[in-house]
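Data block below; observations after.
The values are calculated or read from the model by the stated rules, or taken from the named source; none is laboratory data. Remember, it's a predicted structure, so these values are computed and weren't measured experimentally. Please note: Cβ atoms are built from the backbone with ideal geometry, for glycine as well, and neighbour counts cover all protein chains shown. These accessible areas exclude ligands, DNA and RNA; they are computed on the full protein's heavy atoms, side chains included. Shrake-Rupley method; radii C 1.70, N 1.55, O 1.52, S 1.80 Å.
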Amino acid sequence: MIFKRSPNGIDLPYPSEITPREVYEGRRQFIARIAATAAVGSGIWEMANREAFAQGAKLAATRNAALSTQEAQTSFKDASSYNNYYEFGLDKGDPVENAHTLRTRPWTVTIEGEVKKPVTLDIDRIIKLAPLEERIYRLRCVEGWSMVIPWVGYSLSNLLKQVEPTANAKYVEFVTLADNKQMPGLRSPVLDWPYVEGLRMDEAMHPLTLLTVGMYGQVLPNQNGAPVRLIVPWKYGFKSAKSIVKIRLVSRQPRTAWNDSAPNEYGFYSNVNPNVDHPRWSQASERRIGEDGFFKPKRKTLMFNGYDQVASLYSGMDLKKFF
């Protein structure tokens, strides 16, 4: 991927330079054939099969129709191979090629800070903490593309209520895994690791905010943020932290990865807003991956990504100032 230097000194890709799906798929298939040939008859081949089985494990979940869009779903192939996960590389095809190194068992998440009952939970307890739901959400990337994905999880509020937030808890900070042995992308200085994101308390407690452990009826693939991530469907995708290891309830607005790196480009709120352009491109329209070809007109981007039920959270706020 080619990088150009923006006025603030951060090297980031322009939308026109995002790798076309046909290019990275062809490269990945070629690499996969070589790797498969080399691994036949070896322990590597057996280990790869075990990893694929683990990632493909099914999850029992009930569809929440009231919170699901009826739009056509993005294919699993596209949703699991066209990813931004810089800890495993900067190209869209890098995560699916590199994330096999991520070890998702054992895994624990610590919930601490302004809470009465701090706790550390392993992933199996997290999965069983509340009934799992399947919710089909729109996903809008800040880069101008979108998907429709059936996620599996439950409202984050179920977890936060367990630790009994104090009156001082105004924000929630999410800290993700940063392990150089597992994540080759950490060698890139594009961000200050670990990746950290945050929400205001009322955003975190909103029913739409999903603590996510699966997609398409199975556990999360590594490249999609296994084993536990956040999905905040009315915000740009980078607000939905992947591979979470710590949740902190705090009294002040937390510093977040992209807001720290380029505050004039990536605000703390980062609500999907077609009326507030990114400094280097318009946010008024988007291209649906796997559905909208390069020669098909882009679709209009919806305010709050179409989730109007969150509008009351921002009553009286200037959403151009608090972008």
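Every condition in (1) under 26 Å from PRO274 (Cα atoms); (2) charged (D, E, K, R); (3) open to solvent by 30 Å² or more (accessible area, probe 1.4 Å) holds for ARG187 except the one numbered (1).
The residue that is least open to solvent (accessible area, probe 1.4 Å), counting only those in the range 59-68 that are among the polar types (S, T, N, Q) and in contact with a Pro (Cβ under 9 Å, 6 or more places away or on another chain), is SER68. Checking each residue in the range 167-177 for being in a strand (DSSP E or B) and either open to solvent by 10 Å² or more (accessible area, probe 1.4 Å) or on the phi > 0 side of the Ramachandran plot (or both) picks out TYR171, GLU173, VAL175.
Annotation: PHE76 fulfils all but one of (1) aromatic (Phe, Trp, Tyr); (2) open to solvent by 50 Å² or more (accessible area, probe 1.4 Å); (3) in contact with a strand residue (DSSP E or B) (Cβ under 6 Å, 6 or more places away or on another chain); the unmet one is (3). So which residues in the range 165-181 are under 19 Å from VAL245 (Cα atoms) and not aliphatic (A, V, I, L, M), if there are any at all? Those that are under 19 Å from VAL245 (Cα atoms) and not aliphatic (A, V, I, L, M): PRO165, TYR171, GLU173, PHE174, THR176, ASP179, ASN180, LYS181. Within the range 119-133, at least one residue is open to solvent by 10 Å² or more (accessible area, probe 1.4 Å), assigned to a loop (DSSP other than H, G, I, E, B), touching a residue at least 40 places away in the same chain (Cβ under 8 Å) and on the phi < 0 side of the Ramachandran plot.
Here VAL232 qualifies as touching a helix residue (DSSP H, G or I) at 6+ places or on another chain (Cβ under 6 Å), modelled with pLDDT of 95 or more and crowded, with 22+ Cβ neighbours inside 10 Å.
Which residues, taken from the range 281-319, are over 17 Å from VAL148 (Cβ atoms) and modelled with pLDDT under 95? The answer is PHE294, PHE295, PRO297.
If you go through the range 206-228 and keep only what is part of a loop (DSSP other than H, G, I, E, B) and surrounded by fewer than 23 Cβ atoms within 10 Å (Cβ to Cβ), you end up with HIS206, PRO207, LEU208, TYR216, GLY217. Scanning the range 85-114 for residues that are more than 23 Å from GLY56 (Cα to Cα), among the hydrophobic types (A, V, I, L, M, F, W, C) and open to solvent by 20 Å² or more (accessible area, probe 1.4 Å) yields a single hit, LEU90.
Scan the range 274-323 for residues that are in a strand (DSSP E or B) and in contact with a Ser or Thr (Cβ under 8 Å, 6 or more places away or on another chain) and the total you get is 6. Annotation: GLU143 fulfils all but one of (1) part of a strand (DSSP E or B); (2) crowded, with 19+ Cβ neighbours inside 10 Å; the unmet one is (1). For the range 157-166, the count of residues that are open to solvent by less than 10 Å² (accessible area, probe 1.4 Å) and outside any loop (DSSP other than H, G, I, E, B) is at least one. Would you be able to say whether some residue in the range 262-269 is under 15 Å from the mean Cα position of the chain (by Cα) and open to solvent by less than 10 Å² (accessible area, probe 1.4 Å)? No; the residues of the range 262-269 include none that is under 15 Å from the mean Cα position of the chain (by Cα) and open to solvent by less than 10 Å² (accessible area, probe 1.4 Å).
Within the range 230-267, track down each residue that is touching a strand residue (DSSP E or B) at 6+ places or on another chain (Cβ under 7 Å) and hydroxyl-bearing (Ser, Thr, Tyr). Correct list: TYR236, SER240, SER243, THR256.
Being outside any helix (DSSP H, G or I) and either over 30 Å from VAL196 (Cβ atoms) or modelled with pLDDT of 95 or more (or both) is a condition met by at least one residue of the range 18-29.
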